[in-house]
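Trainee: Here it is, the structure, as structure tokens.
The values are calculated or read from the model by the stated rules, or taken from the named source; none is laboratory data. Worth saying up front: this structure is predicted, and the values here are computed from it rather than measured. Backbone-built Cβ (ideal geometry, glycine too); neighbour counts: all protein chains shown. The area values use the complete protein model at the heavy-atom level, side chains included, leaving out ligands, DNA and RNA. Shrake-Rupley method; radii C 1.70, N 1.55, O 1.52, S 1.80 Å.
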Amino acid sequence: MNHQTEPESDPSSDDGITDSSAKKSTRFPVKKFVLCLLGLAVVTGMWFYLRESARQQERRNLLELPQEDIESANQTDDSHPLDPILKIAYQSIKKIEDEVADYTAVLSRRERIGEQEMPPSTMEVKIRNPQEEQAFSIYVKFTEPENTRGREVIWVDGKNENKIVAHEAGILGFVRVVQAPDSFVAMVGNRYPITETGLLRLMQKLTQYGLRDRKFGDCEVEILEEIQVADVSCTRLRIIHAEKQKPFTFHIAEIDMDMQRMIPVRLATWDWPTEGKNPALIEEYIYHNIKLNVGLKDADFDPDNPAYNYPK
């Protein structure tokens, strides 16, 4: 009887090659996939950085334009549709400067950054207006959306090298961040630095825009009485630039004024409409529950305040 032995498997046989190839075929695509993801992340990061840098530079260019003399707002001759609004704005600025030392409020905010509409946000604010005995001071605590709840930011003019002191929400809040208020990181996701927050800054900025726009042709102006905003009866000042042209920065602007206290409650602006679409909202800021002259102290703008959640 002939005994036939089974041939021993040869490591270099087809089966061996197949097994090796199978291992390689599962290894190399994973490596390529990871490299592709890394490459995509780098390209996306560079694109975001360049786009955001351009946006921030555009904002800085606007700030470097010659500033108008706000006193001029009280010297108009009623020859331009903006003149009644400019006079109200000037009266508001002078009243806030003379009579409002500080205040607290809840600020709700909607902003569009480039073409992206950001999630609505809400924050508690404490503000001291600049006066001889006190520096312009701002405290902000975010309450919405969920991923920013608990973030705190403090800025005091002239303190900490004029930088903000902040901490993030949640697990990212383990360290204090000290940086310039208009630094790249601080400005991501924000149209304006924290230094532009508050009723006085809002009216000063609007007055600057109004005096500038007054020099460049007519516009439509509407004044509407008894508009309810944030549980306050307001007068709505609406400005419409029908045609898009420099130096106009909005198609429609609405300022809702509490005329009894001469303070703004809401500001909203819209871009010019594109074909077949309604004007897109650029920004909206509403100050709720404004309490004037509450007696804020230095401790309200101190990161070491035990009522706050700054890391040590």
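Trainee: Mind grabbing the accessible area of L35 for me, 1.4 Å probe, Å², rounded to tens?
Mentor: 110
Trainee: Cα gyration tensor of segment 236-312, axes a ≥ b ≥ c as square roots of the eigenvalues: rounded (a/c below 1.5), prolate (a/b > b/c) or oblate?
Mentor: Numbers: a/c = 3.62, a/b = 2.05, b/c = 1.76.
The shape class here is prolate.
Trainee: Which pairs break 32 Å Cα to Cα here: K94/K277; K95/K244; K163/K215; K32/K312; K95/K141; K159/K244? Mind showing how you got there, number by number?
Mentor: Details: K94/K277 40 Å; K95/K244 34 Å; K163/K215 36 Å; K32/K312 44 Å; K95/K141 27 Å; K159/K244 41 Å.
Where the Cα-Cα span goes over 32 Å, the pairs concerned are K94/K277; K95/K244; K163/K215; K32/K312; K159/K244.
Trainee: Enumerate the amide H contacts of Q131 below 5 Å, restricted to partners 5 or more residues apart or on another chain; note that Pro and chain-start residues carry no placed amide H.
Mentor: Those lying under 5 Å, H to H, from Q131 are F136.
Trainee: Same structure, new question: With a 1.4 Å probe and every protein chain left in place, tell me how much accessible area H288 has, in Å² to the nearest 10.
Mentor: Near enough 60 Å² of accessible area.
Trainee: I need the per residue convex hull volume for segment 197-284, using only the alpha carbons, in cubic angstrom as a whole number. Could you put the intermediate results ahead of the total?
Mentor: Working: hull volume 9.5 nm³, N = 88.
Per-residue hull volume (Cα only) is 107 Å³.
Trainee: Take D300, D78, D102 and sort them by solvent-accessible surface of the protein heavy atoms, 1.4 Å probe, largest at the top. Numbers along the way, then the final one.
Mentor: Working: D300 30, D78 100, D102 10 Å².
Ranked list, largest accessible area first: D78, D300, D102.
Trainee: Y103: net charge of surrounding residues, Cβ under 9 Å, Lys/Arg +1, Asp/Glu -1, itself excluded? Intermediate values should be presented prior to the final figure.
Mentor: On the way: positive: K126, R128, K291; negative: D102.
Result for the neighbourhood of Y103: +2.
Trainee: While we're here: Just to check, using Stokes-Einstein with a Kirkwood Rh over alpha carbon pairs, what's the diffusion coefficient of segment 79-173 at 37 °C and 0.692 mPa s in µm²/s? If you can, show how the numbers build up before the last one.
Mentor: On the way: Rh = 15.9 Å.
So the translational diffusion coefficient is about 207 µm²/s.
Trainee: With all protein chains present, how much of the accessible area of segment 240-311 (probe radius 1.4 Å) comes from carbon and sulfur, to the nearest whole percent? Don't skip to the answer; put the middle values down first.
Mentor: On the way: 1800 of 3730 Å².
Summing carbon and sulfur atoms, their accessible area is 48 percent of the total for segment 240-311.
Trainee: Could you give log10 I(q)/I(0) at q = 0.21, 0.22, 0.23 Å⁻¹ for segment 130-218, computed by the Debye formula over C-alpha point scatterers of equal weight, without solvent?
Mentor: Log10 of I(q)/I(0), two decimals: -1.08, -1.14, -1.20.
Trainee: Could you put E68, E152, E97 in order of accessible surface area, largest first, with the 1.4 Å probe and the full protein assembly present?
Mentor: Details: E68 45, E152 0, E97 75 Å².
From most exposed to least exposed: E97, E68, E152.
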